[in-house]
1. So which of Ile527, Ile551, Ile514, Ile519 ends up being open to solvent by less than 60 Å² (accessible area, probe 1.4 Å), of a type in the set (A, V, I, L, M, F, W, C) and under 31 Å from the mean Cα position of the chain (by Cα)?
2. For region 89-103, which residues satisfy the criterion of being under 16 Å from Glu63 (Cβ atoms) and of a type in the set (Gly, Ala, Ser)?
3. Got a sec? Which of Glu592, Glu586 is under 21 Å from Asn525 (Cβ atoms), surrounded by fewer than 17 Cβ atoms within 10 Å (Cβ to Cβ) and modelled with pLDDT of 85 or more?
4. Taking into account only those residues within region 417-471 that are in a helix (DSSP H, G or I) and modelled with pLDDT under 75, which is nearest to the ligand (Cβ to nearest atom)?
5. So if I check each of Val350, Val372, Val329, which one is open to solvent by less than 40 Å² (accessible area, probe 1.4 Å) and under 30 Å from Leu299 (Cβ atoms)?
6. Search region 382-397 for residues that are in contact (Cβ under 8 Å) with a residue 60 or more places away in the chain and pair each with any residue that is among the basic types (Lys, Arg) when their beta-carbon atoms are under 8 Å apart and the residues are at least 6 apart or on different chains.
7. Within region 280-292, which residues are touching a helix residue (DSSP H, G or I) at 6+ places or on another chain (Cβ under 7 Å) and open to solvent by 20 Å² or more (accessible area, probe 1.4 Å)?
8. In this structure, is Ile212 in contact with a strand residue (DSSP E or B) (Cβ under 9 Å, 6 or more places away or on another chain), farther than 22 Å from Tyr553 by Cβ and open to solvent by less than 60 Å² (accessible area, probe 1.4 Å)?
Amino acid sequence: MRHNKHSLFTVLGLIIVITVVSVMTIQASVSYFLIKNNILAETKNHSQSTITSLKKNVANYIEAYAVNEYGNLVLHEMEYVDFYAIIVRDNNMGEVLGTDAYISGKIRDTSRQVIDYDPKNEQQNLQLEKCFYADTSAIISAAGVELGAITICSSDHSVKLELRRTIVESLINTGLISLLLIVTLFFAMHRAVLRPISGMVDRLLRRDANGIPLDKVSTQSTQEIATLAYSINKMIDAIKQSRLSLEEQNEKLQIEKGHVEHARHEAEKANKAKSDFLAAMSHELRTPLNAILGFGQMLKLNPNDPLSPKQAEYMDDIIAGGEHLLVLVNDVLDLVKIEADQIVLSVEQVCAQDIIDESIALTSPLADTSHVTIINRAAMKPKQHIRADALRMKQALINLLSNAIKYNLDNGRVIVDHQKTDDGYLHISISDTGIGIASKHYGDVFEVFHRVEADPMKAVEGTGIGLAVTKQLVEQMGGRIGFDSEEDKGSTFWIEMPLPSTLGGLVWEDSLSIGIEAIDADHKNLISFLNKLTDRMLTQDDVDVILTELIDYSLYHFRREEAVMEACGDPNLEKHRVTHQELAAEARQLAERWRDNRDPKMVHELVDFLRVWLVKHIMKDDAAIVPFAKGKEAEIERVLGDLET
Ligand code: ADP
């Protein structure tokens with residue numbers, strides 16, 4: 001801004017200087033020309049009148065041969081008037097001397113002293129030739145005889161003096177006029193341009209919090225500035241208008257977001273209600289079911305009151321149906337527990353082979369009845385340890401093994417194997433030679449209640465819950481699960497669990513619970529987002545989606561946690577808020593880096609960062625909220641409810 005002001009002044013100054021110099025030069029040249037002409041005319045008049053007045057007297061003296069007398073007359077005239085030289089040509093004296101004419105007179109030397117003219121002096125003659133003006137007139141006697149001539153030469157001395165004076169005068173005049181011009185111009189420019197512009201700048205600098213000018217600029221000015229001001233005002237209007245519509249959109253978005261969050265809250269509530277209902281129902285179903293199965297067995301096996309062959313057959317059907325129902329109820333109960341975060345895992349270092357062996361032993365009877373051979377290649381390898389909950393790991397493997405048997409062909413094979421992965425996991429695979437899965441069903445295999453519509457002739461018993469439960473268990477233990485399959489050829493389901501030396505994902509354990517229900521629930525969700533990132537099968541797009549969800553969820557969680565702290569009157573709220581901001585910024589930065597180079601190593605870095613952050617944050621910062629939250633359950637529920645709406 002300042003720079004522009006300067007340059008405007010510089011341009012103005014330059015214009016004025018150029019104008020002044022040009023005006024002065026023109027004025028000086030015109031004056032010089034006029035003065036020179038004036039002086040020339042004056043000199044001419046003067047010398048002619050001097051010649052006229054001198055001629056009569058000089059004529060008399062020539063006739064009287066009084067050379068000295070006309071010499072004195074000439075001297076007197078030279079001293080009186082600033083002529084350069086007066087030369088007299090005397091014919092009479094020439095006759096006396098026997099020459100053409102006697103020439104005498106007066107001339108000025110270099111110091112402007114009047115001295116005698118010497119016709120033979122070359123120097124003097126040369127000066128005479130160069131003189132400014134010369135006038136010669138013949139001297140005629142009263143009788144009409146030509147007695148000689150008189151020549152008056154004017155010097156340019158006075159001309160020079162006069163010119164110098166004129167130029168000085170004209171310079172002073174022009175200088176004064178220019179000064180007047182500059183002052184007038186400056187005031188005019190200041191009034192017409194600079195003042196309105198700086199007024200405009202001042203107004204434009206008064207802005208609101210969004211950087212939009214508060215007032216319009218004044219249009220009371222010269223035409224061009226008014227046009228500029230008018231355009232600026234239109235621009236301000238347009239900016240304000242777009243800001244308004246942006247705010248409106250933002251408001252709408254906020255409302256929509258509120259609706260979405262409300263809907264999510266409602267959905268979570270509904271889901272919880274469903275889980276509670278299922279859990280209760282499962283419990284309620286198990287008791288009578290066990291009774292049915294128990295009494296069924298008793299009826300079938302009571303030697304005192306044997307059943308007829310037909311009744312025994314029906315009883316077998318009742319028992320088989322009841323057992324199937326019990327499996328279903330148990331599966332549902334497991335699923336509900338997982339969804340309600342009621343499963344407590346005890347993840348520790350366990351021997352993978354031992355768990356594999358036990359799982360195979362438990363599924364062998366089913367394999368035998370289905371005429372399927374299980375080959376345990378893992379048993380031939382050195383023992384490997386993993387980090388897992390032994391019981392749940394066994395449950396997961398039994399599930400995969402029973403599927404490999406159930407969906408196998410008669411005389412089919414199941415091969416169990418394991419090997420270490422490059423990133424520190426133990427890859428346990430269960431391959432079968434069964435019916436396989438068509439690629440169109442790949443995406444649904446781990447969905448709850450999904451069952452590939454099987455040929456009714458070959459219908460296999462199942463609930464469609466097993467794999468969903470297995471996946472959740474494996475992920476909660478910090479592992480990953482996947483499969484490869486080809487229709488009519490067979491499938492390989494695999495589980496990868498972290499080796500004891502690998503940190504991998506994070507497992508929700510009791511030690512991580514701080515005891516504030518809402519915050520614990522958020523932490524569990526964050527952990528499952530984190531564990532999703534450890535999946536080796538993720539595509540780059542999957543990582544993008546998970547990262548966006550994770551960051552969104554973290555921000556949602558931060559808002560909730562801060563609301564809880566506020567409700568509890570926790571004095572560390574501001575400090576905590578800053579920590580949240582820093583964490584969000586760091587996570588965003590890492591996500592940004594991932595999006596820039598999409599290097600798989602970045603995902604590991606991200607997981608490491610998130611794991612360390614989560615554990616530290618939960619154990620240290622969030623645990624500090626607990627003392628303030630004591631007895632404030634109702635307030636916490638209220639603020640969180642308010643936040644959702
Ligand atoms: P289910 O009780 O039906 O076995 P799961 O959740 O264990 O339920 O499995 C879901 C579906 O995935 C099964 O119904 C089946 O269609 C398919 N499936 C699972 N394992 C295999 C396998 N080894 N071979 C072929 N299909 C399988």
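The values are calculated or read from the model by the stated rules, or taken from the named source; none is laboratory data. Please read these numbers as outputs of a predicted model, since none were measured by experiment. Note that each Cβ is placed from the backbone with ideal geometry, even for glycine, and that neighbours are counted across all protein chains shown. Just so you know, the surface numbers come from the protein's heavy atoms only, side chains and all, with ligands and any DNA or RNA stripped out. Shrake-Rupley method; radii C 1.70, N 1.55, O 1.52, S 1.80 Å.
1. Working: Ile527 fails: under 31 Å from the mean Cα position of the chain (by Cα); Ile514 fails: under 31 Å from the mean Cα position of the chain (by Cα); Ile519 fails: under 31 Å from the mean Cα position of the chain (by Cα).
Going through Ile527, Ile551, Ile514, Ile519 in turn, just one is open to solvent by less than 60 Å² (accessible area, probe 1.4 Å), of a type in the set (A, V, I, L, M, F, W, C) and under 31 Å from the mean Cα position of the chain (by Cα): Ile551.
2. Gly94, Ala101
3. Glu586
4. Kept after step one, since they are in a helix (DSSP H, G or I), are these residues of region 417-471: 439-444, 456-458, 466-471.
This time we only want the ones that are modelled with pLDDT under 75, so: 456-458.
Working: Pro456: 14, Met457: 15, Lys458: 11 Å.
Looking at the filtered set, the residue picked out is Lys458.
5. Details: Val350 fails: under 30 Å from Leu299 (Cβ atoms); Val372 fails: under 30 Å from Leu299 (Cβ atoms).
The unique qualifying residue is Val329.
6. Gln384/Lys420
7. Filtering region 280-292 down to residues touching a helix residue (DSSP H, G or I) at 6+ places or on another chain (Cβ under 7 Å) leaves 282, 285-286, 289, 292.
Hits for region 280-292 are Leu285, Arg286, Ile292.
8. On the way: in contact with a strand residue (DSSP E or B) (Cβ under 9 Å, 6 or more places away or on another chain): no; farther than 22 Å from Tyr553 by Cβ: yes; open to solvent by less than 60 Å² (accessible area, probe 1.4 Å): yes.
Criteria not met by Ile212.
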